[in-house]
Structure formats: structure tokens, C-alpha cells
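Worksheet for the structure shown next.
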Amino acid sequence: MTSPDSAAPAGPRPARPGAGDDTGLLSPVRAGTAAEAATGDRAWLAALLDAEAALTRAQAALGLAPEEAAGAVDRAVREGAFDVRDLALRARSGGNPVIPLVRELTAAVRKAAPDAAAHVHRGATSQDILDTATMLVAARTLPLILADLERAIDALGRLADRHRATPMPGRTLTQHAVPITFGLKAAGWRSLLLDAHDRLAALLDGGLPVQLGGAAGTLAAFGAYARPDDGTDNGTDPAGTGAADTGETGGAAGTRIAAQYARELGLAEPGLPWHTLRTPVADLAAGLAFTAGALGKLAADVLVLSRTEIGEVAEGTGGGSSAMPHKANPARAVLIASAARQVPALAAVLLGSLAAEDERPGGAWHAEWQPLREALRLTGGAAEAAAGLAGGLRVRPERMRANLDLTGGLVVSERLTAELAPLLGREEAAGLLGDAARRAAERGTGLREALREEPAVREALSEERLRELTDPTGYTGEAAVLTARALRRAPRRFPAGPPSPPSASSPEGRA
């Protein structure tokens, strides 16, 4: 007899309500961060609604729509209850969430002001709104990332200044090379983060652009909808010559609306509609990938230097282990490293979308949305983690010195070659040092002891001079000078992001 428990399963269990929510369970690097909040579904919906409201306001500001219509759309955006999940499900039929959102927004406007409903989304295509919302989300997220980068840069600057003369082993191809200073290493981390900061700041300085082109990038519908009795030039040819106004400052309705649209949102006016000219997205992809990689360099070094057998640095508050109570894992560095490995792959998708066919592509545009959102939030999460990591990093000079002594002076063989070559000849000096280094390694003695056995060395160098030359702390080159020079560089100033309209900051209607 078969028990109910042994019956074959009838298929996958239906998902519980909310089971599809992405709460960051598998992406702790961005969970709970400001970048995550700025790029979530509700934030994106707010940006979509802001883009729709600004479009009606832009047309009203130019006399191409009634002021009452702009007010009605603003109120509907501010007060409406838009169900994010419902919009997502309904987006499957049309391929993007703007289509169902426009229906919902139009219905909300019609309910309160019937005559204003015709001015919702007028002249635009879905990509205009979604691309503009994407730029808004990026413009609201980048300042958060920049602020965390600045915190990390400040903390690394303090470390570099404090430890500009703290010697430690330099490592190349995993092995001890020559001595460096921890100050120089921290200055290098800081320099990379400054490079990242400058790249992201430049995106804001140059202005992330609105998108407005209509169905195929010609702005034709805006001219068609312009009222002939409003005293404005709608871009048509009143003389009947068949030529439209093509002057750069000609005043055609569409181009003037695009300029006003950009002003309404605090974004840049593009030279051309960029439905398939994806420079803004590609620039974001490159900047975010570089930033994640720069943060990843910091994390990679901390992961190596905090190994138990090296122990030259440690995170201020390490993470625990579920099985080993003694561990204090470099959790922040681990999370940063995870982001650094993901964002370049996401950027590859975004750069691949540059090859977009026709005037609007099938699939290339759609493929951008989630990778760009994830790149923003992963980079933002990594920047926030890096600020905490740099601010709490514990430096252990005594371990650095102990590790410098591990090779018994072999770490300064380059210095001795340079010292002995003029005295003994380059080839003889190199051979002599090679033999001495092998003997020292085999016996476990120091390089100085091995060199004492060489008559040519005893004749060329005094005991005091040999001791000086084999002291690794005296061979850090111009590390302190380079560190001081690097610390003179400051973060590039950047403007504030675009203003957040009331709808973007209001919680109403975002659930």
C-alpha cells in the first residue's frame, strides 16, 4: 500500500505570493544600500512617471498643451496608485512596462480631468519614456556612488599619509620582489578610485540626456499634434514648398519640446534621438565597469594581505563563519570582489547593444534594462562597502617588517647588484649574487652571511656597508615622494544631480 507521502510529486509547487521578489538575498553586496533603493522597481516607476509628467509640462510650457493638462498629469502621477507587479505582468504582452503604465496613467487623468487625458504621452514612444527614466535613475544613483567613493578616497588618503614610510614586501607574480611602502600601495588604491570618480563625475558633468524622438526618431508626431492656432511654428512648411524647417535653432515643435523636456528634468538635451545610438548607455557601462574594477583592485589586495599567513592588514570588523568561531573573514573585501567580477560581464551586454538594427531594435534595447540596473546597484554596493573597508582597515607594520625579513635579505638583491656591478663588473656581480642567493636559500641563512663568504665582496664592501645594503627598510626608493605627489590630487568636482520632482520622492502610489 502506497502512503500519501510516497506519491510522486504532481509538479512544481506554485510560488507563494511575493516569492518572486528580489530582496537581495543572493546579492548581499547591494542589499540594503542606497544604490539598491535608488534603482529598485519603485524608483524606476517613479522615474517613468516623472518622465511622463515632464513631457506634458514641456508641451504646456511651450503653449502646445493646456496648463490644466500639465497640472492634471502631475496630480495623477503624485496621487495615483500604480501596482508595480501588475505593470510587470502586463508588460509581457507588449514587451515593455511603459505600455500598461500609459494606460493606467491616462485612465487616472481621465477620471479627474477628462479633457487632459489626450495630453498624456502625446507624441512620444515607449522607448522615449523608458530611456529618459533610465537616465533619471542613473543621474539619481551616480551621486550616491560618488559620495561613497569620496569617503573611500579620504580614508585611503589618511592611510597613505600615515604610512608613507612604512616598509612592506612588494610582490610580483605572487613572490617577494623589492620593498615598497604601505603608503605607496594605499596611494595606488586611492589613485584608481580617483580615476573611477572622475569617469562617473564626467558623465554627470556632460549631462545624461533625455530621449525624445517619437516613433522612429523624427519627432514627426510633435509637429502633427501642435495646434495650428497657437501662434507657434510646428515645423511644417506654410509656403507649401515641401521643405520642413531644418535649422539647428529653427523652432520646430519637436526639437523645442525636447529642449524644454530636458530642462524640466534637469537632464541634457541630445543632439539626436538615440533610440539606436546607444552612446549614453555604453558610456554608463564603461564607467561602472571601470569603477567596479578599481574597487576590485582594493579588495583583491586586502584579500591577499589579510591571509592568516601574511596578516599585514585586517578589516576593522571581520565577518564570522557558520562553522569556525575563530574566523574573522574579510567580508567587505569579499563582497567588493564579487561585484568586480560581475559588472564587466554586465557591461559587455550593454556594449553589445550598440549593434542595434533599424530605428528601433528588437531585443537589443530590451536586453539593456536589467544589466544596467544591476551594474548600478552592484557598483553602488561595492562603493559603499569600500568606504567602510578603507575607513576601518587595520594596518600591521610589525607583520610587514617580519614578512620583509622572511627571505633573509634576498628581497634587496637588486640593490646589491647595482652596488657591486661598478666594483666587480656586471656579469661577475650578477653571478656572485646568484650563487650567494642560492646558498642562502638552501641553508636558511641570510644573504648577508652568504655574501661574507665571498672574498670579492669582503674586499669591496665594509661590514657596516654590507649591513646597510641588506636592510630592506632602506631600499624603498622614491616611494615616499611618489606617495606625497599622489596625495596632492583631489576628487573632481561634480554638479548636483537633477532635481527630484515631488512624485519621485513621494511614497504614495509606488507600491
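The values are calculated or read from the model by the stated rules, or taken from the named source; none is laboratory data. Here the structure is a predicted model, which is why all the values come from computation and not from measurement. Here Cβ is always computed from backbone atoms with ideal geometry, including for glycine, and neighbour counts include all displayed protein chains. Keep in mind that these areas ignore ligands, DNA and RNA; they rest on the heavy atoms of the full protein, side chains included. Shrake-Rupley method; radii C 1.70, N 1.55, O 1.52, S 1.80 Å.
Taking all Cα pairs closer than 8 Å and separated by 6 or more residues, the relative contact order of the chain comes to 22 percent. In terms of packing, defined here as the mean over residues of other Cβ atoms within 10 angstrom, the peptides 254-266, 44-56 line up highest first as 44-56, 254-266. Remark: the Cα gyration tensor places region 84-127 in the oblate category, a/c being 1.5 or greater and a/b not exceeding b/c. Does anything in region 372-411 have its amide N under 13 Å from the 7 Å Cα→Cβ label point of A328, and if so which residues? Once the point is set 7 Å along Cα→Cβ of A328, 392-396 turn out to lie under 13 Å by backbone N, inside region 372-411. Between the beta carbons of E67 and D22, assuming R0 = 45 Å, the FRET efficiency works out to 0.65 to the nearest 0.05.
For the chain, the share of DSSP beta bridges that are antiparallel, to the nearest 5, is 90%. Projecting the Cα atoms of P167, A355, L265 onto the charge dipole of the chain (Cβ charges, centred on the Cα centre) puts P167 farthest toward the positive pole. Per-residue extension of 0.36 nm, minus the Cα-Cα distance of D83 and N96, leaves a gain of 3.2 nm for this segment. Given R0 = 41 Å, the distance between the Cβ atoms of E428 and R162 translates into a calculated FRET efficiency of 0.45. Only helices enter the 222 nm calculation for the chain: every DSSP H run of n ≥ 4 contributes -39,500 (n - 2.57), and dividing by all residues gives -18500 deg cm²/dmol, rounded to 500. Protein heavy-atom surface of the chain, 1.4 angstrom probe: 54% of the accessible area is carbon and sulfur, with nucleic acids and ligands not counted. Computed packing ranks the peptides 99-109, 293-303, 351-361, 180-190 as 180-190, 293-303, 99-109, 351-361, most packed first, by mean other Cβ atoms within 10 Å.
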